[in-house]
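Peer 1: My structure is below; once you've seen it, I'll send some questions.
The values are calculated or read from the model by the stated rules, or taken from the named source; none is laboratory data. Treat the numbers as computed from the prediction; the structure is a model and nothing was measured. All Cβ positions, glycine included, derive from the backbone under ideal geometry; neighbour counts span all protein chains shown.
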Number of protein chains: 2
Amino acid sequence: MTVARVERAIVLLSGGLDSATCLAWARREGFRCHTLAIDYGQRHRVELEAARRVSIALGAQDHRQVAVDLRAIGGSALTADLDVPKERSASKIGAGVPITYVPARNSVFLSLALGLGEVLGAYDLVAGMNALDYSGYPDCRPEFVRAFEALAKAGTRAGAEGRSWRIHTPLMALDKAAIVRLGQALGVDFALTHSCYDPAPDGAACGACDACQLRRKGFLEAGADDPTRYAAPQPS
Amino acid sequence: MTVARVERAIVLLSGGLDSATCLAWARREGFRCHTLAIDYGQRHRVELEAARRVSIALGAQDHRQVAVDLRAIGGSALTADLDVPKERSASKIGAGVPITYVPARNSVFLSLALGLGEVLGAYDLVAGMNALDYSGYPDCRPEFVRAFEALAKAGTRAGAEGRSWRIHTPLMALDKAAIVRLGQALGVDFALTHSCYDPAPDGAACGACDACQLRRKGFLEAGADDPTRYAAPQPS
C-alpha cells in the first residue's frame with residue numbers, strides 16, 4: 001500500500017520491538033509520524049524511555065507521552081500487585097487470556113491516539129496489535145480493530161464530517177520472527193527497544209516473562225542477533 | 001426496563017446534573033452501582049468533588065477516580081489554554097462542534113469504564129450522553145453509543161467469552177428540562193452537583209458558559225428552583 005506523502009499518522013509507541021517496527025513501517029509508507037507513548041502505571045516504566053529513543057531514531061516529527069492511571073482500575077499483573085508469570089511454556093503462552101492482559105488497554109490507548117489524531121489532523125493510526133503471538137488478548141484481534149474504526153467514525157468531529165479513520169496494524173498476522181525480519185529490513189535498531197514486563201531496576205530484561213520469551217524466540221527463529229541486555233546470562 | 005437486582009453497573013459521574021440523574025436512574029433500575037469519575041485535567045476540577053458527594057448521596061457501592069492527562073492532547077477549551085465561550089446565544093449552542101468538545105473524550109471515558117467493568121464483572125455501563133442539548137458533540141450521538149457496544153464486545157475478555165455489554169444512556173433523548181424533572185422525580189439533590197465549565201476559585205458557577213446556560217434554562221423550563229451557587233446574581 002502506498003499513501004500520499006503528506007498524510008500524518010499517529011503511531012502508538014510502547015518502546016518495544018513491535019511498535020518500533022510499526023513506526024519504521026509507517027515511515028516507509030511515507031507518513032509524517034507523530035508518536036504517542038502511554039504512561040499507564042506499568043511496572044516496566046523503563047519502556048517509556050525506550051519509546052522516546054525509538055521515536056527520535058526513526059525520524060518521527062515529535063513525541064508525546066500521556067499519563068493515564070490504569071492502576072486505579074487494576075486487574076492485571078502489569079498494573080496491579082500481582083506477580084508477572086515466569087517461565088511459562090510456549091503452549092501456555094497464548095492459551096486463554098493471560099493475567100498480563102490489561103482490561104480495555106487498547107481501547108484506552110487507541111482512544112487517546114484518536115483524540116490526538118483529531119487535534120493534529122492525522123486520520124491514520126498505527127498500532128502494533130498482533131493476533132498471533134498474543135492471541136490471548138481480546139483487544140489484539142482484527143475484529144477489535146475494525147470495531148474501533150467504526151467507533152472513530154461515529155465519535156469524532158472528523159467522522160461526523162464524513163472522514164474515515166484507518167487503523168493500521170501491520171504486524172497483525174506476523175509471528176515474532178517475521179516481525180524481527182521486517183524490523184531488520186526497515187533498519188530498526190532493536191537495541192533501543194525494551195519488551196520485558198518485569199525488568200531489573202537498571203532496566204535489564206528478566207528473560208523469563210512472556211514478553212522476554214517471545215522476543216527471544218523471535219530473534220532465534222529469525223536467525224538474528226539478540227541485542228537485549230538481560231539481567232542474567234540466557235541459555236543459548 | 002427492569003433488570004435482575006444483582007447486576008452491577010459502572011456509572012460515569014462527572015459531578016454534573018446529568019450524570020447524577022443517570023446514577024439515580026441506575027439505582028432505581030436496581031443496579032449495584034460503582035461510580036467512576038475521570039480527572040482529565042479539566043479546568044473545572046471542582047466537579048470531581050461534586051462527583052464524590054453525588055456518589056455517596058445516591059448510594060453507590062463505591063467511587064473511583066482515574067486520572068488521564070488529556071491536556072497532553074489539547075484541542076479543547078476545557079483542557080487547553082483557550083477561552084471558554086461565554087454568553088453564546090441559544091441558537092449558537094448546539095450549532096456545529098463547539099470549542100469545548102474534547103477530542104475523543106467519551107471514547108476514553110467509556111474505555112476506562114469498560115476496563116473497570118471487566119475487572120468488577122459489571123457489564124452495564126451508564127453514561128449521561130445527550131444528543132439533544134449537546135448535538136454538537138459527535139461522541140454524544142446514538143450511533144457512537146452503538147459503535148462502542150460493538151467495540152466492547154470485540155475488545156474484552158467478557159466479549160470474547162460471548163457476553164454482551166450494554167451502554168445505557170437514559171438521557172439521550174431528553175432536553176435539559178426533562179432531565180431536571182427526571183432527576184427531581186428520582187430524588188437527586190441538584191445542590192450537590194456542579195456543571196459550570198469555568199467556575200470561580202471557590203467553585204461558584206460563572207452563569208455564562210454553555211453548561212451554565214443550559215443548566216439554568218433546564219431549571220427554568222422545568223419550573224424548578226435553581227440551587228446553583230453563582231459567582232454573581234443571575235437575571236431572573
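Peer 1: Output the number of residues of region A:137-177 satisfying the condition of being more than 9 Å from every other protein chain (Cβ to nearest Cβ) and more than 23 Å from A:LEU23 (Cα to Cα).
Peer 2: Total meeting the criteria: 2.
Peer 1: Kindly provide the set of residues from region B:158-213 that are small (Gly, Ala, Ser) and in a helix (DSSP H, G or I), ordered by number. It would help to see each step written out before you state the result.
Peer 2: In the first step, residues of region B:158-213 are kept if they are small (Gly, Ala, Ser); the result is B:158-160, B:162, B:164, B:173, B:177-178, B:183, B:185, B:187, B:191, B:195, B:200, B:203-205, B:207-208, B:211.
Scanning region B:158-213 gives B:ALA158, B:GLY159, B:ALA160, B:ALA177, B:ALA178, B:GLY183, B:ALA185, B:ALA191, B:ALA211.
Peer 1: From the list A:ARG216, A:ARG229, which residue is without any contact (Cβ under 8 Å) to a residue 40 or more places away in the chain, farther than 17 Å from A:GLY128 by Cβ and surrounded by 20 or more Cβ atoms within 10 Å (Cβ to Cβ)?
Peer 2: Numbers: A:ARG229 fails: surrounded by 20 or more Cβ atoms within 10 Å (Cβ to Cβ).
After applying the criteria, what remains is A:ARG216.
Peer 1: Here is a further query. Given (1) within 13 Å of chain A (Cβ to nearest Cβ); (2) in contact with a Gly (Cβ under 7 Å, 6 or more places away or on another chain); (3) modelled with pLDDT under 90, identify the lone condition not met by B:GLY94.
Peer 2: The failed condition is (1).
Peer 1: A follow-up question, please. Of all residues in region A:5-24, which are surrounded by fewer than 22 Cβ atoms within 10 Å (Cβ to Cβ) and either modelled with pLDDT of 95 or more or touching a strand residue (DSSP E or B) at 6+ places or on another chain (Cβ under 8 Å) (or both)?
Peer 2: Applying the first criterion (surrounded by fewer than 22 Cβ atoms within 10 Å (Cβ to Cβ)) to region A:5-24 yields A:5-8.
Those that are surrounded by fewer than 22 Cβ atoms within 10 Å (Cβ to Cβ) and either modelled with pLDDT of 95 or more or touching a strand residue (DSSP E or B) at 6+ places or on another chain (Cβ under 8 Å) (or both): A:VAL6, A:GLU7, A:ARG8.
Peer 1: Would you call A:GLY162 surrounded by fewer than 15 Cβ atoms within 10 Å (Cβ to Cβ), out of contact with any Gly (no Cβ under 8 Å at 6 or more places or on another chain), at positive phi and touching a residue at least 40 places away in the same chain (Cβ under 8 Å)? Explain how you work it out, then say what you get.
Peer 2: Working: surrounded by fewer than 15 Cβ atoms within 10 Å (Cβ to Cβ): yes; out of contact with any Gly (no Cβ under 8 Å at 6 or more places or on another chain): yes; at positive phi: yes; touching a residue at least 40 places away in the same chain (Cβ under 8 Å): no.
Judged against the criteria, A:GLY162 is not a match.
Peer 1: Which members of region A:126-151 meet the condition of being in contact with a helix residue (DSSP H, G or I) (Cβ under 6 Å, 6 or more places away or on another chain), among the aliphatic types (A, V, I, L, M) and either more than 19 Å from B:ALA152 (Cβ to Cβ) or free of Cβ contacts under 8 Å to residues at least 40 places away in the same chain (or both)?
Peer 2: A:VAL126, A:ALA147, A:ALA150, A:LEU151
Peer 1: Might you check whether a residue that is at pLDDT below 95, touching a strand residue (DSSP E or B) at 6+ places or on another chain (Cβ under 6 Å) and buried (at least 21 other Cβ atoms within 10 Å of the Cβ) occurs anywhere in region A:26-34? Don't jump to the end; show me each part of the working.
Peer 2: Filtering region A:26-34 for residues at pLDDT below 95 gives none.
Taking every residue of region A:26-34 in turn, none turns out to be at pLDDT below 95, touching a strand residue (DSSP E or B) at 6+ places or on another chain (Cβ under 6 Å) and buried (at least 21 other Cβ atoms within 10 Å of the Cβ).
Peer 1: How many residues does region A:187-208 hold that are over 12 Å from A:HIS44 (Cα atoms) and either more than 20 Å from the chain's Cα centre (by Cα) or buried (at least 22 other Cβ atoms within 10 Å of the Cβ) (or both)?
Peer 2: The initial filter retains those residues of region A:187-208 that are over 12 Å from A:HIS44 (Cα atoms), namely A:187-193, A:207-208.
Cutting the leftovers down to either more than 20 Å from the chain's Cα centre (by Cα) or buried (at least 22 other Cβ atoms within 10 Å of the Cβ) (or both) gives us A:188, A:190, A:193.
Counting residues in region A:187-208 that are over 12 Å from A:HIS44 (Cα atoms) and either more than 20 Å from the chain's Cα centre (by Cα) or buried (at least 22 other Cβ atoms within 10 Å of the Cβ) (or both) gives 3.
Peer 1: So how many residues does region A:107-148 have that are over 20 Å from A:ILE38 (Cα atoms) and in a helix (DSSP H, G or I)?
Peer 2: Selection size over region A:107-148: 4.
Peer 1: Report yes if A:ARG141 is under 18 Å from the mean Cα position of the chain (by Cα) and crowded, with 23+ Cβ neighbours inside 10 Å, otherwise no. Walk me through it before giving the result.
Peer 2: Working: under 18 Å from the mean Cα position of the chain (by Cα): yes; crowded, with 23+ Cβ neighbours inside 10 Å: no.
In short, no.
Peer 1: If you don't mind, another one. When residues of region B:35-59 are filtered for being in a loop (DSSP other than H, G, I, E, B) and more than 17 Å from B:PHE190 (Cβ to Cβ), how many remain?
Peer 2: Residues of region B:35-59 that are in a loop (DSSP other than H, G, I, E, B), as a first pass: B:40-45, B:58-59.
Applying the additional criterion that residues be more than 17 Å from B:PHE190 (Cβ to Cβ) yields B:40-43, B:45.
So the count comes out to 5.
Peer 1: Right, another one. Pairs, please: C-beta under 8 Å, at least 6 apart or cross-chain, first residue surrounded by 23 or more Cβ atoms within 10 Å (Cβ to Cβ) and in region A:36-57, second of a type in the set (Val, Ile, Thr) and modelled with pLDDT under 90?
Peer 2: Correct list of pairs: A:TYR40/A:THR79; A:TYR40/A:VAL102.
Peer 1: State which residue is farthest from the other protein chains (Cβ to nearest Cβ) when the search covers only region A:106-127 and only residues that are within 15 Å of A:ASP69 (Cα to Cα) and of a type outside the set (Ser, Thr, Tyr). If you could, list the steps in order and put the result at the bottom.
Peer 2: The first filter runs over region A:106-127 and keeps only residues within 15 Å of A:ASP69 (Cα to Cα), leaving A:106-109, A:111-112.
If we keep only those that are of a type outside the set (Ser, Thr, Tyr) as well, we get A:106, A:108-109, A:112.
On the way: A:ASN106: 6, A:VAL108: 4, A:PHE109: 9, A:LEU112: 6 Å.
The residue in question is A:PHE109.
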